[in-house]
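Following: one structure in structure tokens, then a few remarks.
Every read-out reported here was derived from the displayed coordinates using simple, explicitly stated rules and does not represent laboratory data. All values derive from a computational prediction rather than experimental measurement. Quick reminder, even Gly has a Cβ in these numbers, built from the backbone with ideal geometry, and neighbours come from all protein chains shown.
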Amino acid sequence: MRHARAYGIAALATVAMAAVAYAQTTETTVTPLPDNAPVEAAPLDAAPADLSATTWGDAKAGATKAAACAACHGVDGNPSDPQYPRLAGMPERYIAEQLALFKANQRTSGMAAVMIPFATMLSPQDMRDVGAYFAQQNPGAGIADDTVIAGGPYDGMKFYQVGEQLYRGGDFERGIPACMACHGPTGAGNPGPAYPNVGGQNSGYAARRLEEFRSGTGPLADNPQFQIMAKVAAELTDQEIQSLASYLQGLHARTDVVVASAATPASAPVAPAGDEAVTTDTAEGEAAEGDAAATPATDAPTEAGQTDAEQADAESVEP
Ligand code: HEC
Ligand code: HEC
């Protein structure tokens, strides 16, 4: 009995660690998403189209079908026009689910009317194929706003730091969880349940989505995924939403740190945190290195307010 229980706990711990490691490896060189994730953790049952009859997307087939998306989302899912959301690096399942929602006329908010005809063309399997294609592409990122805030509750902070603090630590008093608990330290999302990549997302789009979630109403109010975010966003102020969106726009994986963590000896139990960077529009930047190795990424609350992962090179879209 005692042994069985110990094994059970050990098994749980292993699963938890695997989850942490997975959430942190966003570079395809470390964890190629489509190759490593053919096993579905949960059924795609929130989506209206019959995605249950589909199989894991074929990225090659998806590349051909994605030609129809390039005009707005870019050939590789990195749009040149910031009014369109970035799809590069989005989990395959998230893309397929959203396409199903568009096609069923359930996702109708914002600029959905522009998008719906293109989702309508796709079969359920096409949705997963294009999802697999975009999941394989490297997401770029934009620039976060580092203007210093004058007045109000966040007086003296750089604009994006308000979002950074919430992203990494949440706000316990108001029941706001750390965003990175679900979206990961680099924003890459989670391929198991359909949690989107938010790293590098265009800020205008991200802010609008957060406002929709905060309202808790609208066409998708019955959707369980929407409700997850509705609970998260309920207490956010306008300023916090704008700052979060700015932070997300600059958030991206740091190639140098990811490479370093890939080389971490096998004995290291948890991959280092801080494998992220926010590109800001400062000319010099602070260029401080995140002292990543000491802090597991799951320690979100204690990381609140740390700004040690800033990226120096303001011009670079990817480090
Ligand atoms: C004419 C421009 C246009 C084309 C072409 C287009 N889209 Fe979109 N797409 C949009 C817009 C605009 C949105 C944002 C809708 C909104 O405001 O919520 C969007 C949103 C999406 C989303 C949701 C993203 C998210 O983060 O939730 C997915 C997935 C998507 N498109 C996939 C595709 C695919 C796949 C194709 C090609 C088959 C495609 N789109 C073609 C304009 C376009
Ligand atoms: C408990 C898990 C969880 C937490 C915590 C969480 N999210 Fe989300 N997030 C989700 C899920 C699930 C979705 C997809 C919602 C849907 O499909 O309608 C999502 C969607 C989003 C989107 C829309 C992305 C897109 O491409 O349209 C943004 C932006 C976002 N989250 C930002 C945040 C921010 C900022 C925080 C912290 C304040 C946060 N999330 C915390 C689970 C979470």
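The table below gives the values:
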| quantity | calculated |
| --- | --- |
| Region 137-154 - phi-based ³J(HN,Hα) in whole Hz, Karplus 6.51/-1.76/1.60, Gly and Pro as x | 7, 7, x, x, 8, x, 10, 8, 8, 10, 4, 7, 7, 10, x, x, x, 10 |
| Ascending count of other beta-carbon atoms within 10 Å, so fewest first, for Met229, Met121, Met180 | Met121, Met229, Met180 |
| For Thr280, residues with placed amide H under 5 Å, excluding near neighbours | Ala144, Gln311 |
| Long-range HN-HN contacts of Ile176 with modeled amide H, under 5 Å | Asp171 |
| Share of Cα-Cα pairs in region 37-136 lying beyond 18 Å, as whole percent | 40 percent |
| Space enclosed by the convex hull of the alpha-carbon atoms of region 108-185, per residue, Å³ | 179 Å³ |
| Backbone HN-Hα couplings from phi across region 168-179 [Karplus 6.51/-1.76/1.60, Hz, Gly and Pro as x] | 8, x, x, 9, 4, 4, 9, x, 9, x, 5, 4 |
